[in-house]
Amino acid sequence: MKIFKLKIFDKVVIVVLLIISILPTGLIMLAKSNKENSTIVIKVENKVEKRVSLNKINESKTYEFGFNDNVGYIEVKDGKVRMLEMDKEICPNAICSDAGWINKGYQSIVCLPNNIVVTIESSENEFIDVQAS
């Protein structure tokens, strides 16, 4: 029985082929940048509560929205958005504020205890063909 041993050249070829196969995905992700006409959509219980234009201004801007007799806040800066932390009584685990900044149409911030979803909509057709789990 023969055992196949990889030589250094074989290993180099395998690594180069792996890099070439992953490169297009990375380039597509980098090429998809939000345009000035993107909109932040805040939904509470599947109803649009607020729409905010996603700006590319360097200064930080805070917007408020209402839900279940409470007030939540999002921060918009440099074409990105994040949810600011709420009281522990309203959102006990604060997972939504820990999610950090989003800036792509396929990203979202979700607050399950309060049924809040923050997404970015673009006028361009931005979609994902396949999502790995």
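The values are calculated or read from the model by the stated rules, or taken from the named source; none is laboratory data. All values derive from a computational prediction rather than experimental measurement. As a convention, Cβ positions derive from the backbone with ideal geometry for all residues, glycine included, and neighbour counts pool all protein chains shown.
Here are a few things to note about the model shown:
- Taking the listed residues 89, 85, the one that is modelled with pLDDT of 85 or more, touching a helix residue (DSSP H, G or I) at 6+ places or on another chain (Cβ under 8 Å) and either part of a loop (DSSP other than H, G, I, E, B) or of a type in the set (Asp, Glu) (or both) is 85, with no other qualifying.
- Among residues that are within 14 Å of the chain's Cα centre (by Cα) and either part of a loop (DSSP other than H, G, I, E, B) or modelled with pLDDT of 90 or more (or both), residue 41 is included.
- Residues in region 60-79 that are in a strand (DSSP E or B) and either buried (at least 18 other Cβ atoms within 10 Å of the Cβ) or more than 18 Å from the chain's Cα centre (by Cα) (or both): 61, 62, 63, 64, 65, 66, 67, 70, 71, 72, 74, 76.
- For the criterion of being at pLDDT 85 or above and hydrophobic (A, V, I, L, M, F, W, C), residue 118 passes.
- Of all residues making up region 95-117, the number that are more than 12 Å from the chain's Cα centre (by Cα) and surrounded by fewer than 16 Cβ atoms within 10 Å (Cβ to Cβ): 5
- Where a residue in region 79-104 is under 15 Å from residue 41 (Cα atoms) and among the polar types (S, T, N, Q) and its partner, wherever it lies, is buried (at least 17 other Cβ atoms within 10 Å of the Cβ) and modelled with pLDDT of 85 or more, with Cβ under 8 Å and at least six apart: 103/80; 103/81; 103/120
- Tally of residues being modelled with pLDDT under 80 and not basic (Lys, Arg) across region 1-24: 3
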